[in-house]
Amino acid sequence: MSAVILESILTCPHCGHAHQETMPTDACQFFYECTRCKSMLRPKPGDCCVYCSYGSVPCPPIQEQGPCCGHGCSQSVE
C-alpha cells in the first residue's frame, strides 16, 4: 500500500490558476475559493470534494480506496 499524498494542486476551472494546498485528513472539503479570481469551487456531481474534482491528487479516503465521508462519491483510484 502506498503512502497517502496530502498535497494537491487545485486548478480553477474558471481562470486556470493552480495553487498547491494541503488536504484535510479528517473531513471532505466541499468549498474552495480560488486565490486569483475568487470563484467559489464546489465538487462536480458524483465527486465528494473539490480535491476529487479539481485537484492533481484525489482526497485521502479515495487514495486509500475507502468511502469518502459517506456521500457515495463515485471517484476511485485505478
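Considering only segment 40-54, state which residues are within 15 Å of residue 21 (Cβ to Cβ) and among the small types (Gly, Ala, Ser).
Scanning segment 40-54 gives a single hit, 53.
Just need a number here: residues in segment 25-38 that are in contact (Cβ under 8 Å) with a residue 24 or more places away in the chain, of a type outside the set (D, E, K, R) and loosely packed, with under 14 Cβ neighbours inside 10 Å.
3
We did not get these values from a lab; they are worked out from the coordinates using the rules stated. Small disclaimer: the values here were computed from a predicted structure and weren't measured. Note that each Cβ is placed from the backbone with ideal geometry, even for glycine, and that neighbours are counted across all protein chains shown.
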